[in-house]
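Here the structure comes first, spelled out in structure tokens, and everything after it is commentary.
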Amino acid sequence: MSTLVTLLADGLVAVLLVATIATSVRLSRRIQQMKADEAAFRQTIGDLMAASMTAERAIAGLRAAIDECDRSLAERLEAAARSAAEIAAQVAAGEGVIARIGAIVGEARGSGRPAAATQPGLQQSLPQSLPQAPAPLAPSEPAEGQHSERLGAAAAAALAMTERALQRVRSRAA
């Protein structure tokens, strides 16, 4: 019986030894797989760090571009404001010239009517801040002399320019 117990004990040790070897091989494979995963993970972390550094540089570049755009836009807005003021001054001066031309044409036609005469209802509908246009000249007897046709054409052109200028001013005021 002692031989049988010895054989059973040796068989049990052999089975346990085979189970231990199989477990060790499986653990070894898992460790190798984890090391490979660790290397891939380290590579991924390195790639992420490089990408984040690139993104930070790009963000800094975008901020610089935005600052430059803000400065450029501010300069352009200031230039536009200056141009608008210059244009407004030129329009006002042009309207003054047109009013003077209208007065001269009115006097040349012999109507004796001042250039600041108004059309009924037109002046009352305009805001007080807008310049007033001279009234269109009423058809009268043609002025005598060789320049009557030229004066009539100049009066018509002055009237048309005045009306266009008033329309522009009204559209800006609205």
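None of the figures in this text is laboratory data; all of them are computed from the coordinates on show. The structure presented is a predicted model; accordingly, all values stated were derived computationally and were not measured. Reconstructed Cβ throughout: ideal geometry from the backbone, glycine too, with neighbour counts over all protein chains shown.
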Next on the checklist: Taking 0.36 nm per residue of sequence separation and subtracting the Cα-Cα distance, how much length would be gained by fully extending the chain between Arg168 and Ala40, in nm to one decimal?
Outcome noted: 39.0 nm
Next on the checklist: Between region 33-70 and region 148-162, how far is it from one alpha carbon centroid to the other, in angstrom?
Outcome noted: 73
Checklist entry - Sorting Leu166, Leu12 on the 10 Å Cβ count, fewest up front, what's the list? => result Leu12, Leu166
